[in-house]
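The values are calculated or read from the model by the stated rules, or taken from the named source; none is laboratory data. As the structure is a prediction and not an experimental result, all values here were calculated from the model. Cβ atoms come from the backbone with ideal geometry, glycine included; neighbour counts cover every protein chain shown.
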Amino acid sequence: MPLPLPDDLPPVTITRPGDAEAIDVLASEPAAHRRIPTWVKLAAAVAVVVLVAVANEAAARRERRQERLAADRAEVTLLLAGGDVRAGEFELALVVTNRGGPVAVGTPRLVPPSYGVAESVAERIDTGATAHLEVWLRAVCPAGEPLPFQLAVPVTPASGRTRDLLLDVDRSMVADLSGRACDYLTAAEAAQMFVGGVSSSRYSVRFTLTVHNRSDRPFVIADVTSPGLAMGIRDGLPVTVAPTSGLLLHVTGSLPACSRLPSPGPPGRGGAVRFGTITLELLDDSGEPQTTQYVAGAEGGLLTALGALRSRICPGAG
């Protein structure tokens with residue numbers, strides 16, 4: 001148990017050298033021992049400023065890191081389907097759906113490069129948008145076992161950091177597309193023409209023109225022409241020829257003007273088309289125009305009938 005202190009403690013005194021009397025230290029200098037030095041106050045203020053600056057910088061770094069993470073976030077969905085084919089090339093149809101911030105989709109490449117990329121287009125895709133990209137690959141002909149590969153699609157978000165999204169490609173789909181590309185026929189190559197049923201009147205020649213399509217793709221006959229002749233189609237044009245099928249056209253040829261007649265012989269200088277040549281103007285299934293020709297010969301009687309018509313209507317035209 002502590003003892004109580006008396007109320008009348010004696011003063012604490014010291015005698016300094018040269019002083020005549022003792023001095024009560026507690027009574028004469030109490031404030032001097034409790035004063036905080038100025039340098040301590042300055043140091044404390046500086047420390048507070050430094051701590052606030054460090055805290056602010058740490059908060060700014062955290063905010064910048066969150067911004068970078070948000071800018072790097074790309075919510076992109078890739079879907080791949082088989083597309084079209086053309087001579088020696090086939091298409092992979094890439095559907096890109098963007099559910100995040102705006103991104104740029106670069107030119108896809110193959111990993112490993114089993115097929116050459118013939119054509120591809122980069123595109124910028126906005127938030128919530130869907131883009132359809134065409135990736136054309138060069139087929140390896142003759143088509144054999146499909147080569148394995150993945151499609152690497154470069155995606156660049158707002159941060160500018162590009163990363164590849166890898167997409168597996170169905171080998172059976174590639175086998176089908178590559179085989180079709182190797183066996184591809186243009187509309188002009190697929191069209192085969194046969195003439196029959198030739199008959200003549202004083203002012204015209206009538207005949208049937210059978211057009212066969214030997215490809216697995218349709219084409220359209222947009223027009224039938226022949227140099228110097230007016231060609232009429234009974235059921236009109238244009239008309240579509242279905243894949244691997246034929247179409248019968250009923251054609252009437254007449255001479256509208258003798259001045260427009262070409263030479264009756266073989267093609268002349270400059271590649272002039274011979275009289276009696278029938279030209280089909282075609283559109284393939286992509287709308288691309290093409291032409292193919294049927295050169296009438298002695299067989300079938302068409303050239304003979306057209307020559308007789310020429311002689312009757314334009315006897316001086318040669």
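I need the full set of residues from region 108-153 which are within 21 Å of Ser178 (Cα to Cα), in a loop (DSSP other than H, G, I, E, B) and hydroxyl-bearing (Ser, Thr, Tyr), in order please.
Across region 108-153, the qualifying residues are Ser114, Tyr115.
Hey, among Glu145, Glu123, Glu91, which residue is in the same structural domain as Leu177 (by TED's automatic domain parsing) and closer than 18 Å to Leu165 by Cα? Quick ask: steps written out before the conclusion?
Working: Glu145 fails: closer than 18 Å to Leu165 by Cα; Glu91 fails: closer than 18 Å to Leu165 by Cα.
When all the criteria are applied, what remains is Glu123.
Quickly run through region 289-310 and pick out the residues that are at pLDDT 90 or above and either in a loop (DSSP other than H, G, I, E, B) or among the hydroxyl-bearing types (Ser, Thr, Tyr) (or both).
If the condition is that a residue be at pLDDT 90 or above and either in a loop (DSSP other than H, G, I, E, B) or among the hydroxyl-bearing types (Ser, Thr, Tyr) (or both), then Thr291, Thr292, Tyr294, Thr304 are the ones that fit.
Filter region 199-213 for residues that are of a type outside the set (S, T, N, Q) and touching a Ser or Thr at 6+ places or on another chain (Cβ under 9 Å); which is surrounded by the fewest Cβ atoms within 10 Å (Cβ to Cβ)?
This residue is Tyr203.
Results for (1) modelled with pLDDT under 90; (2) basic (Lys, Arg), shown as yes or no for each residue.
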position: Arg109; (1), (2): yes, yes
position: Asp126; (1), (2): yes, no
position: Trp136; (1), (2): no, no
position: Phe149; (1), (2): yes, no
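Looking only at region 194-229, which residues are of a type in the set (D, E, K, R) and out of contact with any strand residue (DSSP E or B) (no Cβ under 8 Å at 6 or more places or on another chain)?
Of all residues in region 194-229, those of a type in the set (D, E, K, R) come to 202, 206, 214, 216-217, 223.
Once the filter is applied, which keeps residues that are of a type in the set (D, E, K, R) and out of contact with any strand residue (DSSP E or B) (no Cβ under 8 Å at 6 or more places or on another chain), region 194-229 yields Arg202, Asp216, Arg217.
Give me a count of the residues in region 200-224 that are hydroxyl-bearing (Ser, Thr, Tyr), part of a strand (DSSP E or B) and either free of Cβ contacts under 8 Å to residues at least 60 places away in the same chain or more than 30 Å from Pro256 (Cβ to Cβ) (or both). Please lay out each step first, then the result.
Taking region 200-224 first, the residues hydroxyl-bearing (Ser, Thr, Tyr) are 200-201, 203-204, 208, 210, 215.
Add one more test, that the residue is part of a strand (DSSP E or B), and what stays is 200, 204, 208, 210.
From what is left, the residues that are either free of Cβ contacts under 8 Å to residues at least 60 places away in the same chain or more than 30 Å from Pro256 (Cβ to Cβ) (or both) are 208, 210.
The total comes to 2.
Restricting attention to region 233-253, and to residues there that are in a loop (DSSP other than H, G, I, E, B) and under 41 Å from the mean Cα position of the chain (by Cα), which single residue is modelled with the lowest pLDDT?
Here is the first cut: in region 233-253, the residues in a loop (DSSP other than H, G, I, E, B) are 234-238, 242-244.
From what's left, under 41 Å from the mean Cα position of the chain (by Cα): 235-238, 242-244.
On the way: Asp235: 92, Gly236: 93, Leu237: 94, Pro238: 95, Ala242: 94, Pro243: 90, Thr244: 87.
It comes out as Thr244.
Does region 254-277 hold any residues that are in a helix (DSSP H, G or I) and either modelled with pLDDT of 75 or more or surrounded by 10 or more Cβ atoms within 10 Å (Cβ to Cβ) (or both), and which are they? Lay out the reasoning, then the answer.
Pass one, region 254-277, residues in a helix (DSSP H, G or I): 258-260, 269-271.
The answer is Cys258, Ser259, Arg260.
Go through Gly116, Gly196 for me and flag whichever is at pLDDT 90 or above, surrounded by fewer than 17 Cβ atoms within 10 Å (Cβ to Cβ) and at negative phi. Steps first, answer last, please.
Details: Gly116 fails: at pLDDT 90 or above.
Gly196 is the lone residue from the list that is at pLDDT 90 or above, surrounded by fewer than 17 Cβ atoms within 10 Å (Cβ to Cβ) and at negative phi.
Which numbered condition in (1) of a type outside the set (S, T, N, Q); (2) more than 23 Å from the chain's Cα centre (by Cα); (3) at pLDDT below 90 is the only one that Tyr184 fails?
The one condition Tyr184 does not meet is (2).
Sort through Ala131, Ala181, Ala152, Ala158 and tell me the only one that's in contact with an Asp or Glu (Cβ under 6 Å, 6 or more places away or on another chain), touching a residue at least 60 places away in the same chain (Cβ under 8 Å) and either surrounded by fewer than 16 Cβ atoms within 10 Å (Cβ to Cβ) or of a type in the set (A, V, I, L, M, F, W, C) (or both). First the steps, then the outcome.
On the way: Ala131 fails: touching a residue at least 60 places away in the same chain (Cβ under 8 Å); Ala152 fails: touching a residue at least 60 places away in the same chain (Cβ under 8 Å); Ala158 fails: in contact with an Asp or Glu (Cβ under 6 Å, 6 or more places away or on another chain).
Ala181 is the lone residue from the list that is in contact with an Asp or Glu (Cβ under 6 Å, 6 or more places away or on another chain), touching a residue at least 60 places away in the same chain (Cβ under 8 Å) and either surrounded by fewer than 16 Cβ atoms within 10 Å (Cβ to Cβ) or of a type in the set (A, V, I, L, M, F, W, C) (or both).
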